[in-house]
Amino acid sequence: MIQTFEALLQRNVYIDIGWGHQKDIDKLPFGSGSIRRKLESFSYLYNALPKLETLEQKYSTQFKLKLLGTHEKFIVYDHSWAMLGSHNFLTSGNNSAEREVGLQTNDPRIITDLILRFDKAKNLEDKG
C-alpha cells in the first residue's frame with residue numbers, strides 16, 4: 001500500500017487517511033509525548049505509521065493523517081465511487097484466515113455523506 005500511495009502522490013493525487021482505534025487511544029497513559037509514538041509502541045497495528053509519516057512529510061500538501069479514534073473502514077475515490085467494508089486496508093495481508101466483506105458504490109449521496117463524515121470528524125491530535 002505504501003508504494004501504491006507514493007506512486008499516486010507522484011502523480012499529484014491527494015490522499016487523506018483517518019486512523020487509530022478509540023479503544024487503543026483510551027488505553028494510552030496520560031502525559032506528554034506524541035500520541036503517534038505511544039500508539040506505535042502500543043500495538044503492531046501501527047507498524048505502518050513511520051512509513052505513512054514519511055509520506056506525510058514528503059508530500060505535505062497532498063497527504064494527511066487524521067487521528068479519528070474509529071473502527072470505520074471506507075475509501076472514497078475522487079467523488080466517483082466509495083468502498084465500505086470490514087477489511088483493515090493498511091494492516092491485514094493477503095493471507096488472512098478471517099473473512100472480510102465490502103461494498104462498492106457510485107451513489108453520490110453515500111459518497112458525499114462519507115466525505116462530510118470524514119471532514120467533520122475531529123482530529124484527536126489537535127489541541128483544544
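Output yes when any residue across the stretch 21-32 is in contact with a strand residue (DSSP E or B) (Cβ under 6 Å, 6 or more places away or on another chain), surrounded by 13 or more Cβ atoms within 10 Å (Cβ to Cβ) and modelled with pLDDT under 95, and no when none is.
Filtering the stretch 21-32 down to residues in contact with a strand residue (DSSP E or B) (Cβ under 6 Å, 6 or more places away or on another chain) leaves none.
Looking for residues that are in contact with a strand residue (DSSP E or B) (Cβ under 6 Å, 6 or more places away or on another chain), surrounded by 13 or more Cβ atoms within 10 Å (Cβ to Cβ) and modelled with pLDDT under 95, one finds none in the stretch 21-32, hence no.
Filter the stretch 33-58 down to residues that are more than 23 Å from His87 (Cβ to Cβ), of a type in the set (Ser, Thr, Tyr) and exposed (fewer than 11 other Cβ atoms within 10 Å of the Cβ), then give me how many there are.
2
How do the strands (runs of 3 or more DSSP E) wholly within the stretch 7-106 filter down when requiring 1 or more residues that are over 17 Å from Arg117 (Cβ atoms) and not hydrophobic (A, V, I, L, M, F, W, C): which remain?
Counting at least 1 such residues, we get 102-105.
Among all residue pairs at least 6 apart or on different chains, which show Cβ distances below 8 Å where the first residue, located in the stretch 7-31, is free of Cβ contacts under 8 Å to residues at least 40 places away in the same chain and farther than 12 Å from Ser60 by Cα and the second is outside any strand (DSSP E or B) and among the polar types (S, T, N, Q)?
Asp24/Ser43
The values are calculated or read from the model by the stated rules, or taken from the named source; none is laboratory data. What you see is a predicted model, and the numbers here were worked out from it, not measured in a lab. Positions of Cβ are generated from backbone atoms using ideal geometry, with glycine treated the same way; all protein chains shown enter the neighbour counts.
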